[in-house]
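Chemist: Dumping the structure here so I can ask a few things about it.
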């Protein structure tokens with residue numbers, strides 16, 4: 001299995017995990033986050049598939065942080081209520097953080113062996129997005145496990161309006 005096929009498998013695994021996590025998560029913000037990240041991972045899968053087929057793709061300028069920030073902004077009233085996450089939900093966020101870090105590490109390692117510019121550009125884009133996914137999951141984990149000490153993206157912009 002070559003690097004791009006392995007990348008496809010990793011993205012498929014992430015889609016499966018995040019879909020299941022979204023179905024099981026009771027917290028509305030957490031559920032929407034998993035659903036949004038699932039869409040990102042499906043887009044990643046499609047981009048990798050296009051590269052494997054030899055098609056030219058254009059990397060869309062996508063900001064996972066902005067997508068999820070929009071979710072949080074639309075739900076800020078509900079989010080500031082006392083939120084209690086189950087240990088299973090918190091564990092799902094820990095697993096998600098680990099999956100995203102493994103993705104970043106894999107893409108960085110794979111990047112060094114690629115010579116085709118379009119493949120390099122794709123992996124550089126995936127690295128940026130997977131890092132943002134990690135930050136989103138880490139931030140949400142912090143919010144759900146310790147709401148009183150949480151600052152979204154080190155700012156209070158969302159909760160203060």
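Each reported figure results from applying straightforward, stated rules to the coordinates on display, with no laboratory input. Note that the structure is a prediction, hence the values are computed from the model and not measured. Here Cβ is always computed from backbone atoms with ideal geometry, including for glycine, and neighbour counts include all displayed protein chains.
Chemist: Per 0.36 nm of contour for each residue apart, how much would the distance between residue 94 and residue 19 grow if the chain were fully extended, relative to their Cα-Cα spacing?
Modeler: Once the chain is fully extended between residue 94 and residue 19, it gains 25.5 nm.
Chemist: Peptides 130-137, 97-104, 21-28: what's the order by average Cβ count within 10 Å, highest mean first?
Modeler: Descending packing order for the listed peptides: 130-137, 97-104, 21-28.
Chemist: Order the peptides 115-128, 39-52 from the highest to the lowest mean number of other Cβ atoms within 10 Å of their residues.
Modeler: Going by the mean number of other Cβ atoms within 10 Å, highest first, we get 39-52, 115-128.
Chemist: Stretched out fully, how many nm does the piece from residue 50 to residue 101 gain, at 0.36 nm a residue minus the Cα gap?
Modeler: 16.0 nm
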